[in-house]
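Chemist: Could you have a look at this structure, given as C-alpha cells, before my questions?
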Amino acid sequence: MKVLKFGGTSVGSPERIRGVKKIIESQSSPCLIVVSAFQGITDELKHLSELASDRDDMYESILDKIITRHIEYAKQLIAKNRQDSLIEDIKNISDELRETLNGIYLIRELSKHSLDQILGTGEILSSLIISYLIDDCKLIDSRNFIKTDSNFGFAAVDFDKTYGLIAKSLSGLKMRIIAPGFIASNIRGETTTLGRGGSDYSAAIFAAALDAEVLEIWTDVDGFMTADPKKVERAYAIESLTYSEAIELSHFGARVIYTPTLRPVYKKNIPIIVLNTFNPLSKGTIISNKPNGNNKSPIKGISSIDHIDLITLQGTGMVGVTGTSMRLFGALARKNINIVLITQASSEYSITFAVSPSDSAPATDALNDEFKIEIDHNKELKILVEKNLSIIAIVGERMKNTPGISATLFKSLGRNGINVIATAQGSSELNISVVIKNDSLKKALNVIHDGFFLSRFKEMYLFIAGTGLVGTSLLKQLQKQYSTLISEHNLKINLIGVANSRKMIMDKKGIPLESYKEILKTSGEKGDIAVFIQQMTKLNLRNSVFIDCTADEDVALLYGEILSRYVSVVTANKIACSSKQSYYLQLKSIANERGVRFMYETTVGAGLPIIKTINDLVLSGDKILKIEAVLSGTMNFIFNELSPEVPLSSAIRKAREIGYSEPDPRVDLSGTDVVRKIMILAREAGYSIEKEDVIINKFLPDECFEGDLNAFFEKVKEYDVEFEQKRKELTKRNQKWRFFATLELGKAKVELLTIGSDHPSYNLEGSNNIILLTTNRYNELPMVIKGYGAGAEVTAAGVFADLMRVVNV
C-alpha cells in the first residue's frame, strides 16, 4: 500500500483539486490519501477565532466566506445529483463550528482545546469534499485512529495505541481511503492537533502503521531544493537524501516536510518521495537510508532560518562551575522555549544559543530568574541579546572526514564581506551552521551555493564605468562570448550597471548586453559616479566586479571605497596606480584584507602580460635591475606614421580618431601617460617612486600644451615642417625615433630617443610596445615582451582577461 499526502497548495482551488484527482486515480495499487485544509483556510480559522475571543463581530463575515468557499468548491467539483447531500454535510459541520465560535465570543476566552477544535475543521471539510470527488473511496476520521495526549496545539502521539487501531481497521483494505490530516484525539475523544504542518505527520503515522511501501508527499515544489529558490534562483531539486540529511534540512528551515514526519517512517525504513502536484512528471526527492553517490558536492543542500535572536550567557561565574548548562537549559525547558542552535566556548566563559524572536524575551526572563544571584549580586554573569540575525546550515553526510569544508564555507562568506557571528558543528559532521546578520542572508546563501558548486554555473555581477571606445569594445566582447562562457566555462556574466559621464543605469535583474546602449540612452538617469557606487554597494551582490574603462581621476579615487565593500576592481585607468605611492599601497592592502581582486594589467601595454610577468619574476625571487620600454602605442604609432604625406599634426589626429591615443592626445605627447606607466612598472618591481621623481624630456615646447584641444592642433601644425626635415635626416642615417621610458637603479626617465637598426625596437611597427627587462637572472640578455600596446580592442581584451582572473581565484 502507498500513502499519499496532498498539501494546502495542492488543493488550493477546484482546478488544482482536479489535478489531485488525476494523480490519485493513476495509482495502480490501493492507497491511503491524507489531505490538508484548502490553501489559507487554517490561517483564516485562527484569525476568526481570535476575533471571536475579542468580541469582534467581523469573525462572522469571515466564517461566512469560508463556508461559501467550500460550498462553491463542492458545486464546481461534484456532480449535481450528489451536491445536495454534500452541501448538507458541509452546513452541518459549519453549524458546529459556528456554535463553538459563538461560545468563545460570549465568554471572551479562546482555550487551546477550543482552538484545536476550530482549526481541525479545515481538514474535515476538505477531506469530505474530496471523498465525494474520488470514485471507490472510503472517508475515515483520523481522530478515531490517531491517539494523543492532551497537549493541545502540539499533541504527542501514543504510537502503540495508534498503530494498533490503524492496523486493526485499515490493513488489507483494497479500496482508496481518504483521511483528514493534522487532527487527532485524546483519550476523552477531544480533538487535538499535531502542530502546523501536521498533515505530513499524519501521513507518516498512517504509513508506518500500515507498513506502506512508500510515502508520497505531494506539494508545490519539485522536491527538496539545494537552497530556498526564492533566495537562490539557481537552486534545483535534490534527487535523494538520507533521513538524517532531510531531518537536518527541515530543522534549519527547509519547509518541504514537517520535521516530525520523518521519525515514524525512519523507524520503519519506509522511503519518502517528495513530489510536485503541478509537475507530476518530475522525479522529486527520494528520502531513504541509502546515500546517493551521484552528487559531486560533499554537501546536499543549504537551509536557513530567516529570523532568530542570539542569546549569550557569559562571565567568570561559569568557569569551572558544574551544572551551569543544566540550570540554563532546565530554565528554558520549563518555559517551553525551543532552542535552534547551541555553541559554547571551550573556556566555559560563555554559552550561546539561538531562539525565535518571539521566545527571546521569555528566554531572557527565564535566565534572569535562574541566575539572579550571579547576575545581580555577584556580578559574575551577564546576558547579551543580538537581534536581526539568521542561521544558515550546510548539510550532507559526505561532509564527514572530508577536509576543507569549513575552509570553503568561511572563504566564500569572507571574501564577500559576510561576517560570521557564531558557528556550530556536531561531531557527526552532518552539518555546519553559521549565524549571520539577516540583511546578508540572501547574498550568503548564493555565495555558499556557488562555493560548493551546487550551482550549475557561477555568476558574476558587473558594474561598468565608461562607454567610450574601450568600454564599448569590452561590452561587445562580453556579448560575443556570453554563450561560450556559459556552455564551456559554466560562467554567467550579468551586467547590472553601466555609467558614463552623462548617464547611468542600474538594474538588479540585469541589463541585456545587446541593448545596453539604447536602454542607457532612453532610461538612464543623470550620470553621477558617486551615486553609481552607492547604488552598487547597496545591492550587496556576491561576486561583484567594478570595471573602470575611463581615464577619470574621480573614478580612480573611489577604488578604496569599492574594495572596502568587498567588490573587486578591474581597471584600465592608470591614475590610481600612478598617483601617490601611499594610495597605491593602500588599495593593494584593502584588496588583500578583503579577499577581493584589484586587477590593472591593462594600465601598461594594453593586453600584453607585462605586470603579470614582473610580478612572477619578483615573486620567484628575481630582482628587476633595469626596464627599457616603448610604452606608448600612441607615440610609436605617431612616429611610425610620419612621412612626406603624413605630417606630425595629421599623425596625431589619426591616432586619436582610431582610438590609440587618450581622448586628449596631449596626455600622450606630454609624456604624462608614459610617466604613469613607468611608475606602475617601477612600483610592481618593488621600487618606491612618485611622479616628481620621473625626469621628462619633452619633444614639443610647453606652449603647445596650453589652451584647448583645437588650439593645440593649430600650434602643432607649426612644427610639421621641422619634424619632417629631422625625419628625412634620420632616414638617411638608417635611424628612427622611439619614445622611451627607462628605469635604472630606481631612477626613471622619459624621453624621445634616436635609435639605430641594431636596437630591438627599430622594427617596432604600428602601435606596438616593447619592454626589455634586465634582472639578476636575465642579465646578459634582457627578457623581451613585445606586441600590440594600444587600441580599444586589445585593451578591452586585456580587461576581459583580468575579469577572468577574478573569476578563477
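Chemist: Which condition from (1) part of a loop (DSSP other than H, G, I, E, B); (2) touching a helix residue (DSSP H, G or I) at 6+ places or on another chain (Cβ under 7 Å) is the one that SER501 breaks?
Modeler: Of the numbered conditions (1) part of a loop (DSSP other than H, G, I, E, B); (2) touching a helix residue (DSSP H, G or I) at 6+ places or on another chain (Cβ under 7 Å), the odd one out for SER501 is (2).
Chemist: Of everything in segment 565-593, what is in contact with a helix residue (DSSP H, G or I) (Cβ under 6 Å, 6 or more places away or on another chain), assigned to a helix (DSSP H, G or I) and in contact (Cβ under 8 Å) with a residue 40 or more places away in the chain? Give them in sequence order.
Modeler: Within segment 565-593, CYS577, SER578, TYR584 meet the criteria.
Chemist: Restricting to segment 136-154, name every residue that is among the polar types (S, T, N, Q), under 20 Å from LEU125 (Cα atoms) and surrounded by 15 or more Cβ atoms within 10 Å (Cβ to Cβ). Don't jump to the end; show me each part of the working.
Modeler: Narrowing segment 136-154 to residues among the polar types (S, T, N, Q): 142, 144, 148, 150-151.
In the following step, the residues that additionally are under 20 Å from LEU125 (Cα atoms) were identified as 142, 144.
Selection gives SER142 alone.
Chemist: Going through segment 412-450 one residue at a time, which ones are within 13 Å of GLY595 (Cβ to Cβ), over 14 Å from the mean Cα position of the chain (by Cα) and in contact (Cβ under 8 Å) with a residue 60 or more places away in the chain?
Modeler: Within segment 412-450, no residue meets the criteria.
Chemist: Still on this structure: Answer yes or no as to whether SER650 is within 47 Å of the chain's Cα centre (by Cα) and either of a type outside the set (D, E, K, R) or surrounded by 15 or more Cβ atoms within 10 Å (Cβ to Cβ) (or both).
Modeler: no
Chemist: What residue, among those in segment 718-733 that are within 13 Å of PRO647 (Cα to Cα) and not in a helix (DSSP H, G or I), is most open to solvent (accessible area, probe 1.4 Å)?
Modeler: Among residues in segment 718-733 that are within 13 Å of PRO647 (Cα to Cα) and not in a helix (DSSP H, G or I), the one most open to solvent (accessible area, probe 1.4 Å) is GLU718.
Chemist: May I ask you to list the residues in segment 234-249 that are part of a helix (DSSP H, G or I) and open to solvent by less than 10 Å² (accessible area, probe 1.4 Å)? Before the answer, list the steps.
Modeler: Initially, segment 234-249 is screened for residues part of a helix (DSSP H, G or I), giving 243-249.
Passing the criteria: TYR243, GLU245, ALA246, LEU249.
Chemist: Checking SER111 against (1) over 27 Å from ALA155 (Cα atoms); (2) open to solvent by 30 Å² or more (accessible area, probe 1.4 Å), which test does it fail?
Modeler: The one condition SER111 does not meet is (1).
Chemist: Of everything in segment 297-348 that's polar (S, T, N, Q) and part of a loop (DSSP other than H, G, I, E, B), which residue is nearest to the chain's Cα centre (by Cα)?
Modeler: Our first condition is that a residue be polar (S, T, N, Q); within segment 297-348, this holds for 297, 303-304, 312, 314, 316, 322, 324-325, 336, 338, 343-344, 346-347.
Of the ones still in play, those that are also part of a loop (DSSP other than H, G, I, E, B) are 297, 322, 336, 338, 346-347.
Working: SER297: 17, THR322: 43, ASN336: 35, ASN338: 29, SER346: 32, SER347: 35 Å.
For segment 297-348, the residue satisfying everything is SER297.
Residues are listed down the side, and each one gets a yes or a no for (1) within 17 Å of LEU752 (Cα to Cα); (2) under 45 Å from the mean Cα position of the chain (by Cα); (3) open to solvent by less than 10 Å² (accessible area, probe 1.4 Å):
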| position | (1), (2), (3) |
| --- | --- |
| VAL667 | yes, yes, no |
| VAL716 | yes, no, yes |
| GLN735 | yes, no, no |
| PHE739 | yes, no, yes |
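Chemist: Has segment 154-163 got any residue that is farther than 18 Å from VAL265 by Cβ and out of contact with any strand residue (DSSP E or B) (no Cβ under 8 Å at 6 or more places or on another chain)?
Modeler: no
Chemist: May I pose another question? PHE712 passes all but one of (1) aromatic (Phe, Trp, Tyr); (2) over 52 Å from the mean Cα position of the chain (by Cα); (3) not in a strand (DSSP E or B); which number fails?
Modeler: (2)
Chemist: Which one is nearest to GLY417 (Cα to Cα), of the residues in segment 552-564 that are open to solvent by less than 20 Å² (accessible area, probe 1.4 Å) and without any contact (Cβ under 8 Å) to a residue 40 or more places away in the chain?
Modeler: That would be LEU563.
Chemist: Also: What about LYS230, is it open to solvent by 10 Å² or more (accessible area, probe 1.4 Å), out of contact with any Ser or Thr (no Cβ under 9 Å at 6 or more places or on another chain) and in a loop (DSSP other than H, G, I, E, B)? Steps first, answer last, please.
Modeler: On the way: open to solvent by 10 Å² or more (accessible area, probe 1.4 Å): yes; out of contact with any Ser or Thr (no Cβ under 9 Å at 6 or more places or on another chain): yes; in a loop (DSSP other than H, G, I, E, B): yes.
The answer is yes for LYS230.
Chemist: Here is a follow-up. Out of ILE87, ILE67, ILE93, ILE104, which single residue is under 23 Å from SER199 (Cα atoms) and either at pLDDT below 95 or open to solvent by less than 30 Å² (accessible area, probe 1.4 Å) (or both)?
Modeler: ILE67
Chemist: Right, another one. May I ask you to list the residues in segment 469-519 that are among the small types (Gly, Ala, Ser), touching a residue at least 12 places away in the same chain (Cβ under 8 Å) and open to solvent by 20 Å² or more (accessible area, probe 1.4 Å)?
Modeler: SER501, GLY510
Chemist: Please find, within segment 589-626, the residue that is most open to solvent (accessible area, probe 1.4 Å) out of those that are out of contact with any Leu (no Cβ under 8 Å at 6 or more places or on another chain) and under 12 Å from ILE680 (Cβ atoms).
Modeler: Only one residue tops the list, namely ASN615.
Chemist: When you check PHE546 against the structure, is it open to solvent by less than 10 Å² (accessible area, probe 1.4 Å) and touching a helix residue (DSSP H, G or I) at 6+ places or on another chain (Cβ under 7 Å), yes or no?
Modeler: Yes, satisfied.
Chemist: Scan segment 143-153 residue by residue and report those that are touching a helix residue (DSSP H, G or I) at 6+ places or on another chain (Cβ under 6 Å), more than 27 Å from LEU51 (Cβ to Cβ) and not basic (Lys, Arg).
Modeler: Here is the first cut: in segment 143-153, the ones touching a helix residue (DSSP H, G or I) at 6+ places or on another chain (Cβ under 6 Å) are 145-147, 152-153.
Next, only the ones that are more than 27 Å from LEU51 (Cβ to Cβ) stay: 145-147.
Of everything in segment 143-153, those that are touching a helix residue (DSSP H, G or I) at 6+ places or on another chain (Cβ under 6 Å), more than 27 Å from LEU51 (Cβ to Cβ) and not basic (Lys, Arg) turn out to be PHE145, ILE146.
Chemist: Right, something else. For segment 687-714, name all the residues that are surrounded by 13 or more Cβ atoms within 10 Å (Cβ to Cβ) and among the hydroxyl-bearing types (Ser, Thr, Tyr).
Modeler: TYR687
Chemist: Among the residues of segment 285-292, are any under 30 Å from the mean Cα position of the chain (by Cα), open to solvent by less than 50 Å² (accessible area, probe 1.4 Å), at pLDDT 95 or above and of a type outside the set (A, V, I, L, M)?
Modeler: no
Chemist: Here is a follow-up. Kindly establish whether GLU25 is open to solvent by 20 Å² or more (accessible area, probe 1.4 Å) and modelled with pLDDT of 95 or more.
Modeler: On the way: open to solvent by 20 Å² or more (accessible area, probe 1.4 Å): yes; modelled with pLDDT of 95 or more: no.
Here the answer is no, as GLU25 does not meet what is asked.
Chemist: State all residues of segment 298-330 that are buried (at least 19 other Cβ atoms within 10 Å of the Cβ) and aliphatic (A, V, I, L, M); if no residue qualifies, say none.
Modeler: Listed by number, the residues that qualify are ILE299, ILE302, ILE305, ILE308, LEU310, ILE311, LEU313, MET318, LEU328.
Chemist: Name the one entry in SER142, SER131, SER127, SER185 that is more than 28 Å from THR259 (Cβ to Cβ) and modelled with pLDDT of 95 or more.
Modeler: It is SER131.
The values are calculated or read from the model by the stated rules, or taken from the named source; none is laboratory data. The model shown is predicted, which means the values in this text are computed figures rather than measured ones. No Cβ is skipped: glycine too gets one built from the backbone with ideal geometry, and neighbour counts run over all protein chains shown. Remember, those area values only see protein heavy atoms, side chains included, never the ligands or the DNA or RNA. Shrake-Rupley method; radii C 1.70, N 1.55, O 1.52, S 1.80 Å.
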